[in-house]
Amino acid sequence: MSRKKLAQFVAAAGAGVLLSSSAMGALIGVNFVGGDTTNGTLAASAVAGAPGVTQANFNNVTGGTGTALPLVDNAGAATTATLTFTAGGVFTSTGNTPAGPDETLFKGFIFGNSTITVNNIPASALGAGGRFNLIVYGLNDAIRTDQITIGSGATNGDSHFVNSPAGGTAGYVDGSATTPFTYLLSQGLSSAAATPNSDYTLFAGLLPTTGGGLTNGVTFSVQAPGNGFLSGFQIVPSTAVPEPAAAGLLGLAAMGLLARRRRS
């Protein structure tokens, strides 16, 4: 491949990944409002989520339990998907008033050992091979480690660990419109390997499961010693990925371009 064509590939790859959240199907987002319904509720037009998978029309869910709650997609259209969940209760990550939609998404959370089930994931939320990505958001009111575990399908039992900063930490729900919100991914496979100050994780390339109480769906759980926490989650087509994955793709392509230059 010539240097020019490789450079074109780098540009195309970046554009394709960064546009994926809006061009590659429906996104389904859930915001657990938590203990502050006034400040923890997202407006339908509010756009939140990790860079690369931002969306409007998050489903605002109140309380600590729910059964077969209907879910809309990022366009506000009704879908076949339903949410069933149980938790220990609701709480807030900080007393600060959120400054912007991302802070609102993380303002409240459900706590305790929580189980979340989504059934009837629509085809519009699936990518290549009928797969989807599950993005799980969590911010606590103190420095705590969260364990998120898939409970269905071929990845049943797989866990990722997130390590929340203290409530009100600058760059999170700090109430300041001048501080950019921090999205920090953790895919640590143990408590010790959790990324410090992280607030979300990603399970990529999942297949909907039927059986064991599921119909074309997924189950996951959240737990931690003393106090698990879950602010929200998204189900997105497998072609829609947060920008860190895009950066990795661009990095690989750039290294290839650099190697090509050195050989020429």
If a/c stays under 1.5 just call it rounded; otherwise compare a/b with b/c (prolate if a/b is bigger, oblate if not). Do that for the stretch 185-233, with a ≥ b ≥ c from the square roots of the Cα gyration tensor eigenvalues.
-> prolate
Specify which residue in the list 200, 128, 214 is farthest towards the positive end of the charge dipole of the stretch 106-249, using unit charges on the beta carbon of Lys, Arg (+1) and Asp, Glu (-1), about the Cα centre.
-> 214
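No value in this document is a laboratory result; all are computed from the given coordinates. This structure is a prediction, so every number in the text was calculated from the model and none was measured. Because the Cβ atoms are built from the backbone with ideal geometry, glycine has one as well, and the counts that use them run over all protein chains shown.
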